[in-house]
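Reviewing the structure listed below.
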Amino acid sequence: MVDQEAPASTVAADLADERLLATHGIGGYGHLMWNRLRSGELGSLPVIVGLAIISIGFYTAEPRFLSSRSLVSITQFAAPVGIIALGIVLVLLLGEIDLSVGSVSGFASAVMAVTLLDQGQSMVVAMLAGILVGVAIGALYAVLYTKLGVPSFVFSLAGLLGFQGALLYVLGANGTRNLPSDSFLVDFTRFQFVTPTMSYVLVGATVVVFVLAQLWGIRQRTAAGLSAPSVTLVGVKAALLLVSLGLLTWYVNIDRGWTYIWVFFVVLVVLMDLVLRRTRWGRHVYAVGGNEEAARRSGIKVDRVYFSVFVACSTLAALGGLLAAGLQTSVSQASGTNDTNLTAIAAAVIGGTSLFGGRGSAYSAMLGIIVLQAIQTGLNLIGVDSSVRFMVTGGVLLLAVAIDSVSRRARSSSGRG
Amino acid sequence: MSTSVADRAPAGEVVLSLAGVSKRFGAVQALSDVHMDVRAGEVVALVGDNGAGKSTLVKVISGVYEPDGGDITFAGRKVTVGGPSEAQALGIATVFQDLALCDNLDVVANLFLGQEQLAGPFIDEVGMEKEAWRLLKTLSAKIPSVRIPIAALSGGQRQTVAIARSLVGSPQVVMLDEPTAALGVAQTAEVLNLIERLRETGLGVILISHNMADVQAVADRIVVLRLGKNAAEFRVEDASTAELVAAITGASDNVVASRASRRSASTQTETHIESGEQDG
């Protein structure tokens, strides 16, 4: 009796419980979304609303803000720090923090520049050296955390100062290194744009991959006797994706089109999202961030998760540093200092990754960095002093954390943790 | 109630057997010469006062502590359990009192945490969800959806998930540490049903509990520990609450016993008739 299948074969196994509220069609889906929002599962809605407000605000003050040219440069300059923020998302998912990503990015780019210019090595060797610096620093952090039990706040604060010093030491008395403008890195970050034809092909391919993945998922679930989203819903989603991506692409193509560096960043984000949601490692990252003891008892090698995350974070920081150097065509004593650290952390948090661990997604790095870069570009356009920019960025960060805390409370009062 | 006990299917072979197990912490002899057998399809309740050594024994069986002496025999082979994951691999699953679930993950993710099924490089979500429903169905568990985070579940439902998770590796023995300690009346009944279901599927169950009513409701045998030693062992139909309390505390002049003796003195004739009917 126990092993019998559900009597009514028309009802999927996961919808059999009578307490489950049924969702039918698009209307039901909308209703479901609304209930989720009310119970504090805001997802990326606050960011998107915020971005809309920012866009409208700056557009009324200065119409050039939403020009094709401005959008291209916003995305171009957002990418390097966005890559750093992607690493921060990983660390935040574990409930830890890395304050030193800016310094690490500067130090890595300095190592790259010195290897390229002073040692006369090729660009590939120089970039590998820079990336290796990131890997090594991440490994050091992981050992400090897992073997010695030093809090991440402390060792990354030490790293913030230490690697800034290392940047100055490596650059030496000469200071700034200018990268040759014909080098691969500068060319890739500054001058490479996706051609119009290619961009539409990319948009089409993205939508096709999306639809195929969704349809395959539906087939799998139906075959397993589980409920599956309706094909209509997939169609609506795909159409929305096609129209929004197509329009955006058309708009940026009026100017120079999508930059390679931005496309590279988006690909990294999509891959990271896939890895976090669909692989064993990603599941373990969320588990350790949610309840470390539970993760350990269920046999997850917790130390390995910490190790991989710290290494990934510092490596992404180094990669971001290299791309930033390419974009600025130089490495100076100010590389990665100023506000890179906090911009990267703020981007991850503004994008919706919780500071408390176990909650967030790779896309938050992308959304957050667009918001921050849009604010910076907008304030520059309307000619506001950088003093105001810092204050506005601080205010936005505070708002984002406040929203995180409030929605956390709403979740716990409606039983969504 | 005693008739329902008699109706139960006879317990199978001994799956887990402890003989002469002892454990010392510095100058404290936490366990000395403890023996216990668990058969397939049998619920053995392990009771005892605070500090009687129940938790130590659980941790010895689940591999957290290494015993100083004695033998653990599992499925006919003498084994040494080197850690919780080794115990799991052998087929001894433990549901700890604090459950150890990840609040931010959904039911499926929690059930398969650390032993996710893969399809290529990716997690096989569909396969895991299907298996999750199968597991929950064998327990007749009442979980509305397996795609909601653990934080949204009630205490009893969380206990259900924790017990279901212990079944993922198809173990032969499941140990439950105080599964009803923090639950309400209805939820306790639900968990007791689960334990009954575990027995029906032929598992050996070790139930650690303070609650005599729960123990008498689902256990087949009751092993009493006192001060780290075997104090008594009852078949559940032979043991009255008074006798259990006496065995646990080591004194027969307690309030439960005295009240019980007063009551049995007044209703003695009645009891005689009842037991006479059963014998016939």
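Can you quote the Å³ per residue value for the convex hull of the Cα atoms in the stretch B:42-94, rounded to an integer? Intermediate results must be reported in sequence, preceding the final value.
Values: hull volume 5.0 nm³, N = 53.
Given the Cα convex hull of the stretch B:42-94, per-residue volume reads 94 Å³.
Kindly identify the stretch A:72-140 as rounded, prolate or oblate by the Cα gyration tensor criterion: order the square roots of the eigenvalues as a ≥ b ≥ c, call it rounded if a/c is under 1.5, otherwise compare a/b with b/c, prolate if a/b is larger, else oblate.
The shape class here is oblate.
From the square roots a ≥ b ≥ c of the eigenvalues of the alpha-carbon gyration tensor of the stretch A:347-411, which class results: rounded (a/c under 1.5), prolate (a/b over b/c), or oblate? Display every interim value, and only then the final one.
Details: a/c = 3.48, a/b = 1.95, b/c = 1.78.
Verdict is prolate for the stretch A:347-411.
Sum -39500 (n - 2.57) across every DSSP H segment of at least 4 residues in the protein assembly as shown, then divide by the residue count to get the 222 nm mean residue ellipticity, nearest 500.
Working: 26 runs with 399 residues, N = 697.
Value at 222 nm, helices only, nearest 500: -19000 deg cm²/dmol.
Restricting attention to the alpha-carbon atoms of chain A, what are Rg (one decimal) and Dmax (integer), both in Å?
According to the Cα coordinates of chain A, Rg and Dmax are 23.1, 82 Å.
So what is log10(I(q)/I(0)) for the stretch B:154-261 at q = 0.10, 0.24 1/Å, when the Debye sum runs over its Cα atoms only?
Per q value, in the given order, log10 I(q)/I(0) is -0.32, -1.32.
In percent, what relative contact order does chain A have, based on Cα pairs under 8 Å that are 6 or more apart in sequence?
Numbers: 609 pairs, mean separation 142.4, N = 417.
Answer for chain A is 34 percent.
What does the structure give for A:297-303 when I average, per residue, the other chain Cβ atoms found within 10 Å of the residue Cβ? Could the numbers behind the result be given before it?
Working: counts 11, 13, 8, 3, 1, 0, 0.
Counting Cβ atoms of other protein chains within 10 Å of each residue's Cβ and averaging gives 5.
What angle do you read, to the nearest 10 degrees and between 0 and 90, between the alpha-carbon axis of helix A:196-223 and the longest principal axis of chain A?
Here the helix axis deviates by roughly 40 degrees.
Determine the shape class of the stretch A:193-277: with a ≥ b ≥ c the square roots of the Cα gyration tensor eigenvalues, call it rounded for a/c under 1.5, and otherwise prolate if a/b is greater than b/c, oblate otherwise.
On the way: a/c = 3.36, a/b = 1.89, b/c = 1.78.
In terms of gyration-tensor shape, prolate.
In the P(r) worked out for the protein assembly as shown, what percent of Cα pairs fall beyond 46 Å? Kindly include the intermediate steps, with their values, before the conclusion.
Values: 84136 of 242556 pairs.
That tail contains 35 percent of the Cα-Cα pairs.
Name the residue, out of B:147, B:39, B:199, whose mean-square fluctuation peaks in a Gaussian network model built on chain B with Cα pairs under 10 Å.
Checking each option, the largest mean-square fluctuation is seen for B:147.
Computed FRET efficiency, Cβ-Cβ of residue A:410 and residue B:266, R0 41 Å: what is it to the nearest 0.05? Don't jump to the answer; show the numbers that get you there.
On the way: r = 59 Å, r/R0 = 1.43.
The pair residue A:410/residue B:266 has a calculated efficiency of 0.10.
From other protein chains only, count the Cβ atoms within 10 Å of every residue's Cβ in B:131-140, then give the mean. Don't jump to the answer; show the numbers that get you there.
Details: counts 1, 2, 8, 3, 0, 1, 7, 2, 1, 2.
Taking the mean over all residues of the peptide, I get 3.
Say the dipole of the protein assembly as shown comes from +1 at the beta carbon of Lys and Arg and -1 at that of Asp and Glu; which of A:369, B:192, A:65 then lies farthest toward its positive end?
The Cα lying farthest towards the positive end belongs to A:65.
For the stretch A:235-315, count the residues as N, evaluate 2.2 N^0.38 Å, and divide the Cα radius of gyration by that value, please. Could the numbers behind the result be given before it?
Details: Rg = 18.4 Å, N = 81, 2.2 N^0.38 = 11.7 Å.
Rounded to two decimals, the normalised Rg is 1.58.
If you take each beta carbon of peptide B:92-100 and count the beta carbons of other chains within 10 angstrom, what is the mean?
Working: counts 0, 0, 1, 0, 3, 0, 4, 3, 7.
Partner-chain Cβ atoms within 10 Å, mean over residues of B:92-100: 2.
Compute the long axis of helix A:101-117 from its Cα atoms, compare it with the longest principal axis of the Cα atoms of chain A, and write down the angle in degrees, 0 to 90, nearest 10.
50
Return a single number: how many Lys pairs in the protein assembly as shown, at a sequence separation of 8 or more or on separate chains, have alpha-carbon atoms below 20 angstrom apart.
Counting lysine pairs in the protein assembly as shown gives 9.
Between residue A:274 and residue B:170, how many nm apart are label points set 7 Å from Cα along the C-beta direction?
My value for the distance between the label points is 3.4 nm.
Distance between the C-alpha centers of the stretch A:214-284 and the stretch A:329-390? Whole Å please.
24
What does the convex hull of the Cα atoms of the stretch A:299-389 come to per residue, in Å³, rounded to a whole number? Show your work: numbers first, answer last.
Details: hull volume 11.3 nm³, N = 91.
Hull volume normalised by residue count: 124 Å³.
At 37 °C and a viscosity of 0.692 mPa s, what translational diffusion coefficient does Stokes-Einstein give for chain B, taking Rh as the Kirkwood radius over Cα pairs? Give it in µm²/s as a whole number. Write out the running numbers ahead of the final one.
Numbers: Rh = 20.1 Å.
Result for D is 163 µm²/s.
Of the peptides A:218-226, B:155-163, A:325-333, how do they stack up when ordered by the mean number of other Cβ atoms within 10 Å, highest first? Present the calculation step by step, with values, prior to reporting the outcome.
Numbers: A:218-226: 15.8, B:155-163: 22.4, A:325-333: 20.8.
The peptides rank, most packed first, as B:155-163, A:325-333, A:218-226.
What is the Å³ per residue value for the convex hull set by the Cα atoms of the stretch A:80-235?
Values: hull volume 28.5 nm³, N = 156.
In the stretch A:80-235, the Cα convex hull volume per residue is 183 Å³.
Which value in Å does the Kirkwood hydrodynamic radius of the stretch A:197-345 take, with 1/r averaged over all unlike C-alpha pairs and then inverted?
Values: mean 1/r = 0.0523 Å⁻¹.
Kirkwood hydrodynamic radius for the stretch A:197-345: 19.1 Å.
Here, each number is a calculation from the coordinates, and none is a lab measurement. Treat the numbers as computed from the prediction; the structure is a model and nothing was measured. When we count neighbours, we look across all protein chains shown, and the Cβ atoms used for this are built from the backbone with ideal geometry, even at glycine.
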